[in-house]
Amino acid sequence: MPPRHLIYEELVRRKAAGLKSFAVLVDPDKTSVDQVAALTEKAEKSKVDFFLVGGSLVVSTHLEALIEAIKRSTNIPVVLFPGSPSQVTPAADALLYLSLISGRNPELLIGQHVISAPTVKKSGLEIIPTGYMVVDGGVPTTVSYISHANPLPANKNEIAVCTAMAGEMLGLKLIYLDAGSGAMNPVPASMIQAVSEQIQVPLIVGGGITTPQKAMENCRSGADLIVVGNAIEKDIDLVRSISEAVHSVSRS
Ligand code: 1GP
């Protein structure tokens, strides 16, 4: 496991080595502290690389307790994937410092970052500036409703490519293509390929991935880190099969 403050370096190293990574998204609204032990045991056995914790709308109040429970039971790094500054807690290892570059809502591009900057800096977390791109997943997702921002049309690869390129040139260290949690249609493979060919930074892909086959296809198309949440909440055995699929691309 990479030491705290080296998670980004680890992602870059893995990308350079042609290795793919797998992250399980834990939504605090759907996972109780009591469920953590079973999940972390499964994740350890399945060689999950990261936990992402957060969501566009977290209404429960046990986010910190949940992260502490994960940290107590595994060394797998915990990366915050916050929908709002209220989800920033030093209990995690790193923070995806998201700027919603596919939208035109100034609050999510920079506004909330300004307001929360002192808290974020004081947290001691590894801060990973991330260009967050929400792609139309065929159904209105929480992220598209909460963000007041139109998702990127799923058939407009050129907009996705230009957005990701601009994000990288602005200095963002990761690009995250997300069809939104529970998306009907995951991010198209052709979009993943087009974007990955034009950027050097690691590419995260998530939203609506429900099968090992899809995870594998996405990795072959150029995704470096696959994120799965919903499907695992419904069937915990997918942790193992999706992890194997992702890591098999690394070996081939
Ligand atoms: C959502 O990319 C994540 O932000 C994961 O989506 O819950 O649909 O797997 P799912």
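Points worth noting:
- For Met184, the solvent-accessible surface computed with a 1.4 Å probe is close to 120 Å², ligands and nucleic acids excluded.
- Our coupling estimate for segment 14-31, obtained by passing each phi through the Karplus curve with A = 6.51, B = -1.76, C = 1.60 and θ = phi - 60°, is 5, 4, 4, 8, x, 8, 9, 10, 10, 10, 9, 8, 9, 8, x, 6, 10, 10 Hz, Gly and Pro reported as x.
- Helical content alone sets the calculated 222 nm signal of the chain at -11500 deg cm²/dmol, taking -39,500 (n - 2.57) per DSSP H segment of four or more residues and averaging over every residue.
- Segment 6-85: C-alpha gyration tensor shape, a/c 1.5 cut-off, then a/b vs b/c: oblate
- Each Lys and Arg Cβ is given +1 and each Asp and Glu Cβ -1; about its Cα centre, the chain then shows a dipole of about 380 debye.
- The chain, accessible area per residue, ligands and nucleic acids excluded (1.4 Å, Å²): 45 Å²
- Length added when fully stretched, Lys234-Thr119, from 0.36 nm per residue minus Cα-Cα: 37.9 nm
- Positive-end extreme of charge dipole, the chain - chosen from Ala16, Ser84, Val227 (charges on Cβ): Ala16
- Accessible-area value, Asp27, 1.4 Å probe, nucleic acids and ligands omitted, Å²: 30 Å²
- A straight line joining the Cα centroids of segment 128-151 and segment 202-235 runs 17 Å.
- Inter-site label distance for Thr211 and Arg104 at 7 Å from Cα along Cβ, in nm: 3.7 nm
- Cα gyration tensor shape of segment 7-251, rounded if a/c is under 1.5, else prolate or oblate by comparing a/b with b/c: rounded
- Net charge in the neighbourhood of Ala91 (other residues with Cβ under 10 Å of its Cβ; Lys, Arg +1, Asp, Glu -1) is -2.
- By accessible area, using a 1.4 Å probe on protein heavy atoms only, segment 107-242 has 58% of its surface on carbon and sulfur.
- Summing charges over neighbours of Val12, with a neighbour being any other residue whose Cβ is under 14 Å away from its Cβ, gives -1 when K and R count +1 and D and E count -1.
The values are calculated or read from the model by the stated rules, or taken from the named source; none is laboratory data. Just so we're clear, the structure is a prediction, and the values are computed from it rather than from any experiment. Ideal geometry is used to build each Cβ from the backbone, glycine not excepted, and the neighbour counts take in all protein chains shown. When the accessible area is computed, the model is the full protein with side chains, heavy atoms only, and any ligands, DNA or RNA have been set aside. Shrake-Rupley method; radii C 1.70, N 1.55, O 1.52, S 1.80 Å.
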